[in-house]
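Would you mind keeping the following structure in view while I ask a few things?
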Amino acid sequence: MDTEFPQTTDPKTTKARILHQLRAHFESETDDDSRRAALMFRFMPSREQDPGDVIGPGTLVRIETGGRESWVLVVPNFGGHVTDFEGLPLQILTPQSPLGEALLGRRRGDTLTLTTRSGATRSYRVVGVL
């Protein structure tokens, strides 16, 4: 059974709030990469995707692995950052990362398995797509 978003989270504004939080974070930094990241998050579309849409760059995804849920935002650049949003981890990924690449083209309800560098496997379930 798919997990629904908590009642306190309005999916229509969740992505906009996350983008605002990320932009504010990067604007507080002074290096050139942070300024470019803040600009990207400022102009990234915050529209809600339809439930059946596939995951692509700019998609906010809620995933579950090992019984824990987290947010993943797939962006074209500036991946590798981890923060939190509404009590859940928020990881910024690019399509060049193993998880980012594996999520591309997936939909809500899909499950994927990745093998880590150490040879262990980890399964992920797409809980939601915004």
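The values are calculated or read from the model by the stated rules, or taken from the named source; none is laboratory data. Computed from a predicted model, the values in this text were never measured in an experiment. Glycine gets a Cβ as well: all are built from the backbone with ideal geometry, and neighbour counts include every protein chain shown.
Quick one: what pairs do we get from the range 68-93, first residue under 15 Å from R23 (Cβ atoms), second among the polar types (S, T, N, Q) and assigned to a loop (DSSP other than H, G, I, E, B), C-beta under 8 Å, 6+ apart or different chains?
Taking only residues 6 or more apart or on different chains, the pairs are L73/T59; V75/T94; N77/T94; F78/T94.
Does P45 satisfy being touching a residue at least 24 places away in the same chain (Cβ under 8 Å) and not in a strand (DSSP E or B)? Give the steps one after another, and end with the answer.
On the way: touching a residue at least 24 places away in the same chain (Cβ under 8 Å): no; not in a strand (DSSP E or B): yes.
When the stated conditions are applied, P45 does not pass them.
Take the residues in the range 11-43 that are under 28 Å from R107 (Cβ atoms) and loosely packed, with under 12 Cβ neighbours inside 10 Å; name whichever of them is modelled with the lowest pLDDT.
Ranking the candidates gives K12 first.
What residue, among those in the range 94-110 that are of a type outside the set (G, A, S) and either farther than 24 Å from G52 by Cβ or without any contact (Cβ under 8 Å) to a residue 40 or more places away in the chain (or both), is surrounded by the most Cβ atoms within 10 Å (Cβ to Cβ)? Give the steps one after another, and end with the answer.
Looking only at the range 94-110, we keep the residues that are of a type outside the set (G, A, S), and these are 94-96, 98-99, 101, 103-104, 106-108, 110.
Next, from what is left, pick out any that are either farther than 24 Å from G52 by Cβ or without any contact (Cβ under 8 Å) to a residue 40 or more places away in the chain (or both): 94-96, 98-99, 101, 110.
Working: T94: 16, P95: 17, Q96: 10, P98: 12, L99: 20, E101: 14, D110: 16.
Selected residue: L99.
Between D31, D53, which is of a type outside the set (A, V, I, L, M, F, W, C) and either touching a residue at least 40 places away in the same chain (Cβ under 8 Å) or touching a His at 6+ places or on another chain (Cβ under 7 Å) (or both)? Spell out the reasoning first.
On the way: D31 fails: either touching a residue at least 40 places away in the same chain (Cβ under 8 Å) or touching a His at 6+ places or on another chain (Cβ under 7 Å) (or both).
The unique qualifying residue is D53.
Name the single residue, out of those in the range 56-66 being modelled with pLDDT under 95 and over 16 Å from T83 (Cβ atoms), that is surrounded by the most Cβ atoms within 10 Å (Cβ to Cβ).
For the range 56-66, the residue satisfying everything is T59.
Turning to a different aspect of this structure: Can you find a residue that is under 15 Å from the mean Cα position of the chain (by Cα), surrounded by 12 or more Cβ atoms within 10 Å (Cβ to Cβ), of a type in the set (A, V, I, L, M) and within 13 Å of K15 (Cα to Cα) anywhere in the range 111-126? Even if it seems obvious, please write down each step before you answer.
Initial filter on the range 111-126 (under 15 Å from the mean Cα position of the chain (by Cα)): 124-126.
Subsequent filtering for residues that are surrounded by 12 or more Cβ atoms within 10 Å (Cβ to Cβ) retains 124-126.
Still in the running and of a type in the set (A, V, I, L, M): 126.
Restricting the remaining residues to those that are within 13 Å of K15 (Cα to Cα) gives none.
Within the range 111-126, not a single residue is under 15 Å from the mean Cα position of the chain (by Cα), surrounded by 12 or more Cβ atoms within 10 Å (Cβ to Cβ), of a type in the set (A, V, I, L, M) and within 13 Å of K15 (Cα to Cα).
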